[in-house]
Structures are given as C-alpha cells and as structure tokens.
Amino acid sequence: MNKHVNNVAPGTTDLSRRSFLVGTAASGLVLGYAGMPGIDPASAAAPANFEPSVWYAISPDGLVTVTCGKADMGQHIASTMAQIVCEELGAKWSDMRVQLASNDPKFNDPVLGAQITGGSWSTMMNFEAMSRAGAAGRIALTEAAAAAMGLPPYFKDQLVVRDSMVSHPKSKKQMSFADIVKSGKATKTFTPDELKAIKLKTPDQYTMIGVSVPQLDIPSKTNGTAKYGIDVMLPGMVYGKVVTPPVRFGATVKSVDDSEAKKVPGFIKAIILDDKTGTTSGWVVAVAGTYANARKAADALKIAYDGGPNAKLSSQSLLDEAKRLQGLEDSGQFFVKDGDPNAAFGSAAKVVEAEYTTSINIHAPLEPMNATAEFKGDILHIYSGNQFATRSGAIAAGAAGIDPKFVVMHQHWLGGGFGRRLDADMMIPAVQAAKAVGKPVKVIYSRENDMTMDFSRPLTYQKVKAGVDGDGKLIALSHDVVSAWPTARWGIPDFLTPSVDKKGPLDSFTVNGADFFYTVPNHYVRAIKNELAHNATPSGQLRSVAPGWTFWAVESMIDEIAAATGKDPAQFRISLLDGAGKNDGGAQRLRNTLLAAMGLSGYGTRQLPKGEGMGVACVSSQERATASWTACVAHVAVAPSGEVTVKKLTVATDVGTQVHPDNIRAQVEGAALWGLSLAMYEKATLKGGGIEQTNFDSYTPLRMSQMPEVAVTVIANGEKATGVGEPAVTVIAPAIGNAIFNASGARVRALPITAEAVKGAMKA
C-alpha cells in the first residue's frame, strides 16, 4: 500500500487537521478570496455568517456557501462536495453555493494533508470529512433552534431538519436556517473526537446522495460569468509570451538579441528565466503591453541556445535504453515479490513472453497553460487554475526567491487539467516577469508551447513472462516496467513507496496496476527508472498514470495466456479472480464488473460477422488501495487492410456509493473515450531532443466522427465511495487489442494501435 494513501479507511481518517467552529469562524487568508469564482464570494467574509467548519458558511439569508479545496476542471467536484455537505446538513439544494479555496493550509485534503486534485481521490478521501462537517452544522443548528424556540435542550432530538428548516412536529414550531443564523444562538463547538463520534447517515437514509441534482457550476459556465485563469484581468497588467528552446529539457540560453523586438509597439523587456526550481530550462519571456504584441515581440527575438546533453536524443534512443536496462538483472526495485517465478518457469508446461510499449502522450487541455502574477508589497499573488496548490505555491515562491508563506494562490475554474495542472511551470515566467517589470504579468502559452513543453505521459517499455501448468493454470508471472518516473521528479518523499526488496523508494505511480487482483502464486513486478527518459522528457501525471500502461500489458498478457491454453479469455479471468489471500473482497468486486459488462454487451451469446470480434479487460484502477472496479467489452471490426473500427465499448464500473449518478456516467464515458484516443490515435515523438508534434495537425486525438457507441452500467452497492475520473481510461486499450485478436488473429503490443501494425501481425 502506498504511503500517501494509507489512511483512507473511514475509521482511520485523520480529522484532527480540521477546525470546526461555530459562531466565530477561524480567520482565513482573506486575500485568497479575492477574485474567487464562486457564486457569491463576498458571502464568505460576512461577519454574521454561521461557519460550522472551514468548508462552508451559512449567511443570514440562508444561503450555504461550500468552499471546495479541490480543482474543478469540469468534473463538478465542487458540486459533489456541496452535495455531500447538503446531505448531512439538511439544506435545500437551491440554497447551496460553491466557491474555490485559496492555498491556506486549512483547506488541505483531510487525508493527504495537502491541496492536490488527482488520482480520482477527491470524493473518496473527502466524503467522510465533508459528511461530518455537514452533520456538525446540523447538530449545532438544531440545538440553536431549540434554544430560540424556547424548547428544553432534551427536545432537540425531536427536531426534524429538512430543506433548510428545523421543525418540531409536536409543537408545530419551526425555524429556517436563515432565522437561526440571525438569532446568533449557534455557539456549539466540536473537538476532533466529538466529530469522529457523530453518527452519520446510512445509505438507506440518503435523500440527496444518489440524486442527479443540477450541478452548481453550470449556470455560470453557460452564461459566461465563470472565471477561468485565462480570464483574469488586473489593473496595470501586461502580458508575457514564452519562447521555448528546440530541446525539451536541458538547453540553456547563450544570448538574446532583442533589437527587432524593440520595434514592436509596447515591448517592455525580454527576460531569461533563472529557474532555481529546475522546472524549466532555456526559457525566455517577452513582455509587452498587449498579448498580441507580446507574441510579436517573442517571435522577433533572436535566441542562441546550447542544446545541452539531450539534444541528440530520440524516441528510439529512449526505447533502446529501456530495453538495455530491463536486460540487467540488478536494475530497478521490486514492487511485488511473491513466491519464486523463475523457479516456477522451470517446471511450467508452457511459458508465454511478450514485450509491450506505449508512446509519449500529451495532455493538451482546451485552456492552455496560463498564470498571472502580481506583487503587492511582500505578498505574491498568483491567479491560475491548478491541481496542486501546495506544490505550485512552493514553485512560485522558489521562482520569486521568497518564503512560500508570502504566496497567495487565487484558484480559478480549470479549462481541462487531466494531470497537466499538477505542474506549475506556467507560474515561473509570470512570477519572474512581474518581478522584473514591476507590474502584474499574465502569461498564456501558445498551443505549441503547451505541447512541446508538456509534462507528458512517458514512453514505456514492459516485458512480461508467464508460466502455466499442465492444466493451463497460471502459476507464475514476472513483469518489468521501464519508464521515466513522474512522481519522483516532484522531490516529495511521501509520494514514493518503499520497495519490497529494501533497495530504496520507488515511484509506484509508474507500476500501479501491476499489483492486480488475480491469484498468481509466484509473481514479481520490477519498477525500473529510465534515467535517460526521465531527464530528456520530464514526465507528469497524465489521466490514469501507470494503470494506463500497466494494464495494457497485464490484460493483453492474460488474453495471450488464454489463447495459448485454449481457454475463453473472460472465463479464464473469472477463474483467476477467486479472492484468495490478499485479493479477498477486491477480486469479487472486479469479477462482478466483468460479468456485468459481459451481460450488457452480449459477450459470447451471438455469432459475429467475419472480421469482427469482442475483447474483454478488467482493471482495479487507480491504485490497489484506492481502486474502482472496472471492466470493458470492446466490439471491433478489422478490415483486410488492418484498419480497425471500434463499433462499441461496453463499460461496467463499481464505484461504491454514488453521489451524483449522471455525473458518474458522464465521467466514465469521457474516460472511455480518452482511453480510446490513447489506444488508437495519440502519439508524440522525440527527435533531436525535442517533441516533434506541435499542434493538432500532427498530434491527432480522437475526432467526433470516430466516436463509437458507448454503453455504461454503474454498480452502486453502498460501499465506500471511490473515484470515477480515471479508471475507465485504463481498461479500453487492452479490451480493443484483445478484440482485434479475436476478430483477425493479429496480436498488437504497441500503443497506439495502427493499421500497419495490425496488417503486419495478420501476416505474421
């Protein structure tokens, strides 16, 4: 289990970090509320507000404003947090409002102890804390209402809270939340132990959770009032346009000739970034009075570079190095080490080996990277949408050369994130330019900047070896995973995982998923860091991270074993999901999702036309300790030319408790289509140390015309709520690859899957 998620069980969630107050709210970083994209930001500072916790306040007009410490990038997490609070508080949904938090540590995730949005963790890790916040408010309101209505304290248990009203049915007395707040009688406080002791609702008592209520952020996003980072306008603001080197990382600037740039109206200055954080290298930012002129000035700069140590590297270089490292017996560290696969291979009736690769992939969110920096005295203000305010604030502070406590992050809606905004590179040119020119500076990346300097999904190489006995039973599996290590780049020890062979910490975000829920008595997983790729292509967390490539290998190999032993691949998986030992519970849930997907798709129940086939895959993404259980049946048609048409994707997922069913379905559909895009279309390549694909003419994701039918079924069983934003990404590629094999006999082992590769495999 990973260190950073070892505290997710309801009974162990650390609520001591939270401050729950009634009457007088804890003073927050008030500056952080300026420009917040909430419905009514001013309400947070109203002195008469009732604030049962840092997470929400009730104003004298009865409106409940929930502060979301998560980044909302279209997944409606702010509304989800409000819905959880609303359930226990007993408020009317039309009274709920949302705003996004500043970087004040009081808004840290109650489990992770930081402000970070990723891993499909948000609902799972905040459900209990937000529930207890709502319940604490309800209790305090109830006691205040009893006092205001002149009822004895012991009558409080007879009060009913519903739709923002507290009523006493026997006496027919009632008070609205607004009237209770105005009374000023809400004075109860809760210690952490008292919070833990609050009895929360059981699923059969829910009236809000499980209901597809209107999302609170949609009105502002449809009428244009929602403020994204790119929308920020400050008095006296100027613009910066970055010029990036031809080498992704490692280049340095030898000289800058700005003589032509000085002819551009409003040109102010060209600044060579001095980035002590190590996030960028060889960047220059041109500053001008308008964005258009900043772009013109940037284009006019003549910059000489030293390409550095990575200037001659290519994708092939990185792959060759990965294969070399995998071939060394002492490479890497063990993530899983059960039994002795090598000994088992010696006695196996059959051994199957295969190599699987994935390419560099780019995030490319619709809203390009941007940040606005402003110094107000000693305080640095950053206006942006980001997924990791804790780390981003530290990066901005490092760029400015100041203490992080003097940085105020103003969070905004994100026009897409997908892991890209876990990084804070866009803040560095904004900060250093603002410091250099003495004015607020907004930096907006071009699409070309965004793609060539993306903290991309890394190129990966995996070698898998499996052994079966005479009955076709899987007895051994070894799995080597070679890649850059995205999380290790952050330099945060708590996000690394101790290796089981005691060789030091490893980046589990490169191997998660390889520790699957199949029962295999002899099982090795080795995580190997490709240092060459790590330095040349600094990688980040692209939606689903490691399960996006580890399950490509695992679920393809399971099918290859089934084919080698003459077994149906779905039934073979079911036999492996027996729930033995450490797999108890999880295996059963995964098996159920597989059965659900099979049933919904009609897998194995009808004869398909020649050239068509169905393939299955099932995954426990995101991480073993925080899994959602997801299965897919892909239906494809394969032409003699090797062209593949994905006709239908049927996805089943077990998410425990559903907060918002419609949103869950939308998330699963979106994730499945992202998975399809990665499986069939997306590929970036490194040449001469730089990313070759600079825009959507050369980097081609899934197009609308290529959309297949997507059918989704969600299993809701009252278990702990799990994540939905990423798991479905990971199951699509292997399901398609397996379907291609069943349709044509062609086994493809590289992503993206091309017609050329399929045709070549058909001939092999």
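The values are calculated or read from the model by the stated rules, or taken from the named source; none is laboratory data. Since the model is a prediction, treat every value here as computed from it, not as a measurement. No Cβ is skipped: glycine too gets one built from the backbone with ideal geometry, and neighbour counts run over all protein chains shown.
In table form, for the structure just shown:
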| read-out | value |
| --- | --- |
| Boolean, VAL712 is within 24 Å of the chain's Cα centre (by Cα), assigned to a strand (DSSP E or B), farther than 20 Å from THR754 by Cα and not small (Gly, Ala, Ser) | yes |
| Qualifying residue in the stretch 154-163 (condition: out of contact with any Asp or Glu (no Cβ under 7 Å at 6 or more places or on another chain), surrounded by fewer than 20 Cβ atoms within 10 Å (Cβ to Cβ), at negative phi and among the β-branched types (Val, Ile, Thr)) | yes |
| Long-range neighbours under 6 Å by Cβ, at least six apart or interchain, first residue in the same structural domain as HIS534 (by TED's automatic domain parsing) within the stretch 504-523, second charged (D, E, K, R) | ASN512/GLU623; ASP515/ARG624; THR519/ASP578; ASN522/ASP340; HIS523/ASP338 |
| Options SER483, SER544, SER539, SER499: the member that is in the same structural domain as LEU686 (by TED's automatic domain parsing), out of contact with any strand residue (DSSP E or B) (no Cβ under 6 Å at 6 or more places or on another chain) and closer than 23 Å to GLY327 by Cβ | SER539 |
| Cross-chain or 6+ apart pairs with Cβ under 7 Å, the stretch 573-594 first and within 21 Å of GLY472 (Cβ to Cβ), then at pLDDT 95 or above and of a type in the set (Lys, Arg) | ILE574/ARG591; LEU577/ARG591; LEU594/ARG573 |
| Filter result for THR497 (farther than 22 Å from LEU595 by Cα and among the polar types (S, T, N, Q)) | yes |
| Residue in the stretch 578-587 that is among the aliphatic types (A, V, I, L, M), touching a Leu at 6+ places or on another chain (Cβ under 8 Å), under 26 Å from LEU676 (Cα atoms) and assigned to a loop (DSSP other than H, G, I, E, B) present | no |
| The stretch 628-637 - residue that is surrounded by 24 or more Cβ atoms within 10 Å (Cβ to Cβ) and of a type outside the set (Phe, Trp, Tyr) and, of those, nearest to GLY725 (Cα to Cα) | SER628 |
| Residues being within 24 Å of the chain's Cα centre (by Cα) and within 15 Å of VAL284 (Cβ to Cβ) - total across the stretch 394-442 | 3 |
| Test: residue in the stretch 364-386 that is closer than 15 Å to ILE230 by Cα and of a type in the set (Phe, Trp, Tyr) | yes |
| Selected residue (criterion: farthest from GLY723 (Cα to Cα)) from residues of the stretch 115-133 that are of a type in the set (Ser, Thr, Tyr) and assigned to a helix (DSSP H, G or I) | SER131 |
| Lone unmet requirement of (1) touching a strand residue (DSSP E or B) at 6+ places or on another chain (Cβ under 6 Å); (2) part of a loop (DSSP other than H, G, I, E, B); (3) within 21 Å of SER317 (Cα to Cα) for LYS463 | (2) |
| Filtered residues of the stretch 164-197 (kept if assigned to a helix (DSSP H, G or I), surrounded by 13 or more Cβ atoms within 10 Å (Cβ to Cβ) and small (Gly, Ala, Ser)) | ALA178, SER183 |
| Unique residue being within 30 Å of GLY118 (Cβ to Cβ) and either at pLDDT 95 or above or hydroxyl-bearing (Ser, Thr, Tyr) (or both) when the list is ALA755, ALA761, ALA733 | ALA733 |
| Sole residue being in contact with a strand residue (DSSP E or B) (Cβ under 7 Å, 6 or more places away or on another chain) and not in a loop (DSSP other than H, G, I, E, B), chosen from ALA146, ALA136 | ALA136 |
| Flag if ALA562 is over 25 Å from the mean Cα position of the chain (by Cα) and in a helix (DSSP H, G or I) | yes |
| Candidate set: the stretch 601-626, residues that are closer than 18 Å to PRO734 by Cα and of a type in the set (A, V, I, L, M, F, W, C); chosen: the one surrounded by the fewest Cβ atoms within 10 Å (Cβ to Cβ) | MET614 |
| Selection count, the stretch 348-374, where residues are touching a residue at least 60 places away in the same chain (Cβ under 8 Å) and surrounded by fewer than 18 Cβ atoms within 10 Å (Cβ to Cβ) | 6 |
| Any pair with Cβ under 7 angstrom, 6 or more apart, that starts in the stretch 216-238 at a residue that is at positive phi and ends at one that is part of a loop (DSSP other than H, G, I, E, B) and buried (at least 16 other Cβ atoms within 10 Å of the Cβ) | GLY236/LYS439; GLY236/PRO440 |
| Qualifying residue in the stretch 665-673 (condition: farther than 16 Å from ALA735 by Cβ, in contact with a Lys or Arg (Cβ under 9 Å, 6 or more places away or on another chain) and either in contact (Cβ under 8 Å) with a residue 60 or more places away in the chain or of a type in the set (Gly, Ala, Ser) (or both)) | no |
| Residue check for VAL710: modelled with pLDDT of 95 or more, in the same structural domain as GLY604 (by TED's automatic domain parsing) and surrounded by 24 or more Cβ atoms within 10 Å (Cβ to Cβ) | no |
| Unmet requirement for ALA399, which otherwise passes all of (1) in a loop (DSSP other than H, G, I, E, B); (2) in contact with a Ser or Thr (Cβ under 9 Å, 6 or more places away or on another chain); (3) hydrophobic (A, V, I, L, M, F, W, C) | (1) |
| Test: PRO701 is of a type outside the set (Phe, Trp, Tyr) and in contact with a helix residue (DSSP H, G or I) (Cβ under 6 Å, 6 or more places away or on another chain) | yes |
| Residues located in the stretch 229-276, provided they are in contact with a Phe, Trp or Tyr (Cβ under 9 Å, 6 or more places away or on another chain), among the basic types (Lys, Arg) and crowded, with 21+ Cβ neighbours inside 10 Å | LYS241 |
| Pair list, Cβ under 9 Å, 6 or more apart: the stretch 451-462 residue aliphatic (A, V, I, L, M), other residue assigned to a helix (DSSP H, G or I) | LEU459/SER315; LEU459/LEU318; LEU459/LEU319; LEU459/ALA322; LEU459/ALA533 |
| Candidate set: the stretch 640-670, residues that are assigned to a loop (DSSP other than H, G, I, E, B) and among the hydroxyl-bearing types (Ser, Thr, Tyr); chosen: the one nearest to TYR603 (Cα to Cα) | SER641 |
| Any hit, the stretch 384-397, residues being under 30 Å from LEU702 (Cα atoms), of a type outside the set (S, T, N, Q) and surrounded by fewer than 17 Cβ atoms within 10 Å (Cβ to Cβ) | no |
| Matching option when the condition is touching a helix residue (DSSP H, G or I) at 6+ places or on another chain (Cβ under 9 Å), under 24 Å from ASP471 (Cβ atoms) and among the acidic types (Asp, Glu), among GLU612, GLU560, GLU623 | GLU560 |
